[in-house]
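Every read-out reported here was derived from the displayed coordinates using simple, explicitly stated rules and does not represent laboratory data. Bear in mind the structure is a predicted one, so any value in this text is a computation, not a measurement. All Cβ positions, even for glycine, are placed from backbone atoms using ideal geometry, and neighbour counts span all protein chains on display.
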Amino acid sequence: MATRRNEYVDWLCERLAPLGGIRVRRMFGAYGLYSGELFFAIVSDDVFYVKADALSVAEFEREGLSPFTYAMKDGSQQSLRYYPLPESAIDDDLEFLRWARKGIEAALRSPRKTTPPTG
């Protein structure tokens, strides 16, 4: 079955093309964006959120940006360290790519899950 994408996700992928092959996977009503095997961004309700970590989160917070949140089954809110880009990056290709790279860099620094050897 083909994954149906929306125009906004297609537009983002075109803008992200200079960063190399970007893959998109549908996930829980949103989209996950991957650079190679690195999960670095979420698109939800036509908002592009990139991964942040201890080294980069302060830059997002200095811009007054809030992390991605979603509702849990019990009604509580859960937040993840994925932040939208500042407004200034939306129409500026170089700035857009600079912020997107921050997500890829955070994903590179993130510990990898490994599967234990069998046998």
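Structure notes:
- Residue count for the stretch 46-62, restricted to those that are of a type in the set (D, E, K, R), farther than 18 Å from Ser110 by Cα and either touching a residue at least 12 places away in the same chain (Cβ under 8 Å) or surrounded by 13 or more Cβ atoms within 10 Å (Cβ to Cβ) (or both): 2
- Take the conditions (1) in contact with a Phe, Trp or Tyr (Cβ under 9 Å, 6 or more places away or on another chain); (2) in a strand (DSSP E or B); Phe39 misses just one of them, which is (1).
- Scope the stretch 101-114; condition surrounded by 11 or more Cβ atoms within 10 Å (Cβ to Cβ) and more than 12 Å from Leu38 (Cβ to Cβ); matching residues: Lys102
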